[in-house]
Amino acid sequence: MSEEATPTRRRGAALEQAILRAAADELTEHGYAGLTMDRVARRAGTNKNAIYRRWPTKGALGVAAYQLLVETELRAPDTGDLREDVLTLLRRINRDLSSPRGDVLRGLLAGVSDEPELLARLRERAGDGAPGVWLTVLGRAVARGEVPPESLRPRIATVALVLLRNEYVTRGLATVSDDVLAEIVDEVYLPLVRAGATAG
């Protein structure tokens, strides 16, 4: 209550963080459909102009706020075995996608589907989707001699993630079973990366 009555005067990075935190809280509580600039401004103790100067659309703000939610990016597991590393990553992401944060992501994906640049930014900013962690896991396997160096490409490295997301998007599942995760790894991912030498 006092937050609304006496807004704190902030500028620059401090104001930006306050807005993003407020937007992330709103996303978590109300989803993308319920995200409004009015509520974010009220919660952040600022005005809508301050928000629009930084994020000109609801979609842009939603994508930036989602990034804050996933700031604790997945660290690449290092079990010493590619199969276990990839399964560990998939299990973490599966837990995330079946949590309230997964609902936020799905709402955002639907909400910015007609804005290609925001959709691309959202996919790029989703920490679990960044090729970096997948390339790290695959690069370690290359160094151990488990797979050929030719397989070390972003599209190949992230194929397990794409297949997991496909289970949610096309099948509308609430969560994906561990058996399906193992199938993704054993029947698609591992044969693909092991065949890297002949993939040209």
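Read the figures in this text as sums done on the coordinates, not as results from a lab. Since this is a predicted model, take the numbers as computed values, not measurements. A quick note on method: Cβ atoms are made from the backbone with ideal geometry, for glycine too, and the neighbour counts reach across all protein chains shown.
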In nm, spacing of pseudo-spin labels at residue 155 and residue 170 (7 Å Cα→C-beta vector) = 1.7 nm
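Between residue 195 and residue 84, what FRET efficiency follows from the Cβ-Cβ distance if R0 is 22 Å, with the result rounded to 0.05?
Numbers: r = 20 Å, r/R0 = 0.92.
It comes out at approximately 0.65.
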Mean Cα-pair separation over length for the range 73-195, i.e. relative contact order, pairs under 8 Å, 6 or more apart, % | 32 percent
With each label point set 7 Å from Cα along the Cα-Cβ vector, what nm distance links residue 75 and residue 48?
-> 4.3 nm
If you compute volume of the Cα convex hull per residue in Å³ for the structure shown, which of [x] 137; [y] 321; [z] 261 do you land on?
-> [x]
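Can you give the extra length, in nm with one decimal, that the chain gains between residue 91 and residue 113 once fully stretched, where that is 0.36 nm per residue apart less the Cα-Cα distance? List each step's numbers first, then the result.
On the way: separation 22, 0.36 × 22 = 7.92 nm, distance 2.65 nm.
Residue separation times 0.36 nm, minus the Cα-Cα distance, leaves 5.3 nm.
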Computed from the beta carbon distance with a Förster radius of 22 Å, FRET efficiency for residue 106 and residue 162 to the nearest 0.05 stands at 0.90
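Please compute the length gained on full extension between residue 36 and residue 17, using 0.36 nm multiplied by the number of residues separating them and subtracting their Cα-Cα distance. The partial results should precede the final answer.
Values: separation 19, 0.36 × 19 = 6.84 nm, distance 1.71 nm.
So the extension gain works out to 5.1 nm.
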For residue 33, what charge total do you get from the other residues with a beta carbon under 14 Å from its beta carbon, if Lys and Arg give +1 and Asp and Glu give -1?
-> 0
Net charge near residue 142, counting Lys/Arg +1 and Asp/Glu -1 over other residues with Cβ under 12 Å of its Cβ?
-> +2
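Let's test the formula: R0 of 22 Å, r as the Cβ-Cβ distance of residue 98 and residue 183. What FRET efficiency results, to the nearest 0.05?
Numbers: r = 18 Å, r/R0 = 0.80.
So, using R0 = 22 Å, E works out to roughly 0.80.
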Would you calculate a helix-derived [θ] at 222 nm for the chain, using -39,500 (n - 2.57) for each DSSP H run of n ≥ 4 and dividing by the full residue count, to the nearest 500?
-> -19000 deg cm²/dmol
